């Protein structure tokens, strides 16, 4: 059972409290092992707070709409017409390939409802533990793309399963597997079809895993976006264009993050340009001559990820 946005907000608040409680000053006089454990705990709590916070915002945004829901069906019909103009495959054809196999349909319903959340969580944990240098940028990309998706979803668009006359079957409703009924979500949440967060997450996970891992098995991660696209279309929850728009947001997010990073670097260089050559090179007062190798106490002033890496 997924957490509600309120429960997620409470968990996020607790994680933030843990991260703030572990201040560098608390670990100054502790042994190295305990100090390392506290630094790791603070890092994990901080990153978990970000992820759970984003999840809570996602859940809350699904209940909000900036336009009347009565226009959601017309907008969905327009998407269908654009797809026919682009000669994209019919969602009805894809669905008809599976509807004759109840076990397959129910499996796709469960995949759509369950897999995307845990897969993103496992991915972020794996990246944080195994490839921490790539974690911040990947986390920021996921946050920006998800935020963009939520902003677009404020304009309600119905999924194809709600359009009459197309021949698309509402497979989650047919087999009593609707995630919306199970979680008590209202109509507004079901009208957040454009774009597909499921597809965006699956593609981003595959991109980062293939780029970060050197294992020959890393290409198997491509199974996730393929199954995700198949599931969202075959169950009648999304149009092809819902996924296409979601994927198109990824390079836009990368460009935005690159621009922001470049701007931040130039700003830091401009601020540091006015310093003298010797300024900043000398150790802070009171730390000269301290040596961790001799067992001296050194105040931890580095950022949390850097402190972990130095361990």
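The values are calculated or read from the model by the stated rules, or taken from the named source; none is laboratory data. Every value quoted in this text rests on a predicted model; they were computed, and no experiment measured them. We place every Cβ from the backbone using ideal geometry, glycine too, and count neighbours over all the protein chains shown.
Quick one: which of 210, 205 is modelled with pLDDT of 95 or more, crowded, with 24+ Cβ neighbours inside 10 Å and in a helix (DSSP H, G or I)? Please lay out each step first, then the result.
Values: 210 fails: crowded, with 24+ Cβ neighbours inside 10 Å.
So the residue among 210, 205 that is modelled with pLDDT of 95 or more, crowded, with 24+ Cβ neighbours inside 10 Å and in a helix (DSSP H, G or I) is 205.
Among the residues of the range 136-155, which ones are part of a helix (DSSP H, G or I), more than 10 Å from the chain's Cα centre (by Cα) and touching a residue at least 24 places away in the same chain (Cβ under 8 Å)?
So in the range 136-155, the residues part of a helix (DSSP H, G or I) come out as 136-152.
With the extra rule that they be more than 10 Å from the chain's Cα centre (by Cα), the set shrinks to 136-137, 148-152.
The answer is 136, 137, 148, 149, 150, 152.
Is one or more of the residues making up the range 97-104 in a helix (DSSP H, G or I), at pLDDT 95 or above and within 21 Å of residue 196 (Cβ to Cβ)?
Within the range 97-104, one or more residues are in a helix (DSSP H, G or I), at pLDDT 95 or above and within 21 Å of residue 196 (Cβ to Cβ).
Considering every residue within the range 82-89, establish whether at least one is within 11 Å of residue 235 (Cα to Cα) and in contact with a helix residue (DSSP H, G or I) (Cβ under 9 Å, 6 or more places away or on another chain). Outline the logic, then answer.
Filtering the range 82-89 for residues within 11 Å of residue 235 (Cα to Cα) gives none.
Scanning the range 82-89, I find no residue that is within 11 Å of residue 235 (Cα to Cα) and in contact with a helix residue (DSSP H, G or I) (Cβ under 9 Å, 6 or more places away or on another chain), so the answer is no.
Confirm whether residue 195 is buried (at least 19 other Cβ atoms within 10 Å of the Cβ), part of a loop (DSSP other than H, G, I, E, B), at pLDDT 90 or above and touching a helix residue (DSSP H, G or I) at 6+ places or on another chain (Cβ under 6 Å).
Against the criterion (buried (at least 19 other Cβ atoms within 10 Å of the Cβ), part of a loop (DSSP other than H, G, I, E, B), at pLDDT 90 or above and touching a helix residue (DSSP H, G or I) at 6+ places or on another chain (Cβ under 6 Å)), residue 195 qualifies.
Contact list please: Cβ distance under 7 Å, first residue in the range 110-129 and touching a residue at least 24 places away in the same chain (Cβ under 8 Å) and on the phi < 0 side of the Ramachandran plot, second residue outside any helix (DSSP H, G or I) and surrounded by 20 or more Cβ atoms within 10 Å (Cβ to Cβ), pairs at least six apart or on different chains.
112/235; 112/237
Got a number for residues in the range 213-262 being within 30 Å of residue 161 (Cα to Cα), out of contact with any strand residue (DSSP E or B) (no Cβ under 9 Å at 6 or more places or on another chain) and outside any helix (DSSP H, G or I)?
4
Can you tell me how many residues in the range 263-274 are modelled with pLDDT of 55 or more and not in a helix (DSSP H, G or I)? Before you say what the answer is, go through the steps one by one.
Just the residues of the range 263-274 that are modelled with pLDDT of 55 or more, to begin with: 263-273.
Among the residues that remain, those that are also not in a helix (DSSP H, G or I) are: 273.
Matching residues across the range 263-274 total 1.
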